[in-house]
Each structure stands twice: as C-alpha cells, then as structure tokens.
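Encoded as structure tokens, the structure appears first; notes follow it.
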Amino acid sequence: MKVIAGAELDAMNRVMEFTPGGFLSHRFLLAEDGLGITVTRTVIPPKGPQRWQYPTRIEACYCVSGEGELVNVATGERHQIRPDTVYALEKNEEHTFEAIGGPVTLICMFTPALEGNEAHKPGHSYGDNHRSPVYDVRSVPIDKVTANDYNPNSVAPPEMELLETSIWEDGYTQPVVTVYDKESDQYIVVDGFHRFLTLRNSQRIREREGGMLPVVVLDKDMSDRMASTIRHNRARGSHNIELMSQIVTELVEMGKGDRWICQHIGMSPDELLRMKQITGLASLFATKEFSQAWEPEA
C-alpha cells in the first residue's frame, strides 16, 4: 500500500514547473512506484492555448476546479471542460487546452507511467519520441559558433594548456553543446566553451579539424539556456559568484520564481537565498513562493 501526501512532493522532487505555459505538475505516482500508472495534479494558468500530444501514452483528466476549453487539433472539435468532468485521449489525439478566466486544476492519469524527468515540447509531450542530442552530432564552421555571456564556469591557464594538448593528442571526444539562433545564424555555446575556445585559438588544431567544430543542438529559450549551462558546469571548475548572481537576477527579471530556479539549476532554497543576498537587490525578494512546508534540509 502506498500513501503519498501532496505536501511531500517537493521534498521528493516531484513538482515540475514547465515553460512556456507556466503550469505546475505535481506527480504523485511515477514508474518507480511500480504500479504502471502515473497520477498527477496539474494546475494550468490562463495564459492562452497550450498544445500537447502524447503519442505513446493514454491520458485521462478529471477537472477539479476552473473552466477550460479542449480542442481536437485534427478535427477542430471543441469541448468545454468544467468541474466534475473527465476527458480522455484514448487515441493519442493532438490537442490544445486553454484555461478560461482563471487557473484550472486537473487530476491526470497516464499509462504507461511517467519516469519523472520528462519535459513538454511543442507538438508532443513528456519525452515521447525523444532522442538524446548526443546521437545527432553535427560539424559546423568555427566562425558560426559564438560564446554566451552567462557562463559562470572558469578554467585556469594550466588546465587550458592541458585541454589543448588533450585535444591535439586524442582529438575531440565530446561535442560542444549549443543552441541555434536563426536571426544571427549562429550556434551559441551552452556547454563546452573551453573546447570551442581551444579550436578557435589553437592554429594546429584548427587546421587539423578543417575549422569545423563538433556540436549538438538543444531547442531552448533564453532562461532554459542559462539553466542548461549551469547544470552542465556546476560539477566542474570553479564558479564565478558574481556571474552566478547576475544569472539569478536575470532569471528573476524574466519572471522565473524560486521554485523554477531551484528545480532547473540545482540550487537549494537556502543557497538561492544566499545568492539573492549577494546581489543586494530588494527586487529579488518581491515574491516568495516557498511555503513553510518546503524547507531546506539541515
């Protein structure tokens, strides 16, 4: 028998905040629980239609509160969803859901069960048809790759020399992680800045590689790019506290809450509080999302 209280989900790392859309998914049951189904409580804010599809999962949702409109993308069929109403996507239909007038709370059930780390993407959801970027390495000209300005990781000169020697002796064994910016036609580095720098600055390596850099490409907006950079780098090198503080400031200014920041860049609430204190900006304390039930561990 399993009993899981909603107040326990934060500590279990089972509350996910998704962008775009800003909705929260509280995941009571996952694949690791061994029951073959997932049960979530999903809160959808009134931020316009959100388009989803679950190609490999069946979903049924029970509306607890709020009102919304469900639309079958293929047929245009519309349904008004109100409290005490169930809708089921028994044919894996692509659909949109829009909260009308206020947030909508749904109890959602999925089969097969979710693993827990799936993320919504346009046109489908929860990692369905997902392929890890490492299987799609591409070679791009070095002059089409540019650094980001939000990387808080640093490497000392001796380590940079060792990296150059390593790449010269062994070649590139890891691609550089990037996002592609259509407007500038540039690949912006998310992780692997020093591997990128080595190719740009080392003539012998640049000539051997024909001026081409191996990269993988993520589909991320700006806030998620910052989060990806920090996740890739926190376990390596030494972080520049000033840059980390600047990143936190920018994420807050983008409207990201404490929960989102902690969840996506691996900070504890206590660590985030200290980082905000470092900035000295009162605006960073304008909103307080954490309830007293969500406390940092001792």
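The numbers here are math on the coordinates, done by the rules we state, and not lab data. What you see is a predicted model, and the numbers here were worked out from it, not measured in a lab. Methodologically, a virtual Cβ is constructed for each residue, glycine included, from the backbone with ideal geometry; neighbour enumeration extends over all protein chains shown.
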Q | Projected label distance in nm at Lys47 and Ala88, using a 7 Å step from Cα toward the beta-carbon | A | 3.1 nm
Q: Rank by packing, highest mean first: peptides 159-166, 172-179, 46-53, with packing defined as the count of other Cβ atoms within 10 Å averaged across residues.
A: 172-179, 46-53, 159-166
Q: Would you mind getting me the FRET efficiency between Ala11 and Val134? Use the beta-carbon distance for r and R0 = 35 Å, nearest 0.05.
A: 0.65
Q.
A 32 angstrom limit on the alpha carbon distance is what I want to check against. Which of Lys91/Lys144; Lys2/Lys91; Lys91/Lys256 exceed it?
A. Lys91/Lys144; Lys91/Lys256
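Taking the Cβ-Cβ separation of Val64 and Arg274 as r and a Förster radius of 45 Å, what is the calculated FRET efficiency to the nearest 0.05? Could the numbers behind the result be given before it?
Values: r = 37 Å, r/R0 = 0.83.
Step by step, r from the Cβ atoms, then E = 0.75.
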**Q.** Kirkwood Rh in Å, taken over all unlike Cα pairs in segment 134-223
**A.** 13.5 Å
Q: Evaluate the distance, in nm, between pseudo-label points positioned 7 Å from the Cα of Ile107 and of Thr146 along their respective Cα→Cβ axes.
A: 5.1 nm
